[in-house]
Amino acid sequence: MLKKIIKDAASIAIGGHIRPDGDCVGSCLGLYQYLTENETEKQVDVYLEEIPDAYAAYVPDGVVRHQIPEGKVYDLFICLDCGDEERLGFSKALYEQAIHTCCIDHHVSNEEFAEYNHIVPDASSTSELVYDLLEYEKISKKTAELLYLGIVHDTGVFQYSCAGPSTFRAAAKLLEKGVDAPKLIQDTYYEKSYAQNQILGRALLESIVFMDGKCIASYITKKTMDFYGVKPKDLDGIVSQMRVTKGVEVAIFMYETDASVYKVSLRSKEKVDVSRIAAYFGGGGHAKAAGFSMAGTPHDVLNNLAGQMEAQLLEEEAEEA
Ligand code: 5GP
Ligand code: MN
């Protein structure tokens, strides 16, 4: 599919979602690396917001563009790991101007918004989907590292249910390219700064459980973030740590992005499809990891969410009975 789509494109822009995570970075830069090595006559550029420091060692120097050039029209815009156009952020304008568009993604909420779409909601990650579309012999160690990074991050180091047999097969084939997996996993996934650990501790300490211990919630205000000197990208992983709490079905973590506007992250163990809840509030994601933004106090957000979660838990109980 990819080969055919890129065939006639002399210039290609690659873009991913706002606040890029490991899968977004891995899939966008993995594809970039592959194309620049194997399609040398094409112009390939990557547009992403600021990339978290943890991934920096794997990102080729000076490649990622944070602003769109005026008047530039690409033959093809490839949109990766993005459930909808809005999630492209600043690169959306470039996407709209491009002659052809393609989207490769694994969000259930994706409504096939591009001209060519390859959407596989069951896939572990966009990076695994990109891997499947490439010719194995043409994948270099650098490309392999980036795709492996994406898979590692979206599967929580292969722990989530989205990591299926095909994921492990892809990972094994990527390892054969010489990826130093223990180093990559330690440096990009587990290592945290002191401030990151402090804010994690704070969020856990101040968390509340409700609905008979089935839900856990916590929030961090802008003021607290400033106090610890942390940015939104430093808060990754907090909601996953909350989710492992025994008895919890849904974890909710929110942080203030603007005065009384919260970015909400949802994680589910089994019984609740949080992508449905996120979509209800104008966001999206996957059954077990989703998010949205909402105005109001954390209390308002929780009140609004509680009804949705209760309805799904009741549905589930009725099915079990
Ligand atoms: P996170 O909670 O880590 O920000 O996001 C979890 C998942 O939900 C990711 O796959 C992310 O792309 C998706 N997601 C998070 N926030 C939003 C949002 O506001 N809109 C949409 N469409 N998806 C989101
Ligand atoms: Mn992803």
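Quick notes
- Equivalent ellipsoid of the range 2-190: semi-axes from √(5λ) of the C-alpha gyration tensor, largest first, are 24, 17, 16 Å.
- Residues in the range 290-312 reached by a label modelled at Thr257 [backbone nitrogen below 13 Å; 7 Å Cα→Cβ]: 291-296
- Footprinting exposure proxy for Glu319, Glu111 (fewest neighbouring C-beta atoms within 10 Å first): Glu319, Glu111
- Between the beta carbons of Glu50 and Ala318, assuming R0 = 41 Å, the FRET efficiency works out to 0.35 to the nearest 0.05.
- Highest-first arrangement of 182-189, 134-141, where packing means the average Cβ count within 10 Å: 182-189, 134-141
- Percentage relative contact order, the range 2-190, counting C-alpha pairs under 8 Å, at least six apart: 23 percent
- Considering all different alpha carbon pairs of the range 102-220, the Kirkwood hydrodynamic radius works out to 16.5 Å.
- Dimensions in Å of the range 194-320 - Rg and Dmax from alpha carbons: 14.0, 46
- With eigenvalues of the C-alpha gyration tensor scaled by 5 and rooted, the chain, Å: 33, 21, 20
- Calculated [θ] (222 nm, deg cm²/dmol) that DSSP helices of n ≥ 4 give over the chain, each run adding -39,500 (n - 2.57): -11000 deg cm²/dmol
- Under-5 Å amide H pairs with Val46, H placed in peptide plane, nonlocal only: Ile14, Arg65
Every read-out reported here was derived from the displayed coordinates using simple, explicitly stated rules and does not represent laboratory data. As the structure is a computational prediction, the values presented were derived from the model and not from experiment. Neighbour counts run over all protein chains shown; Cβ positions are idealised from the backbone, glycine included.
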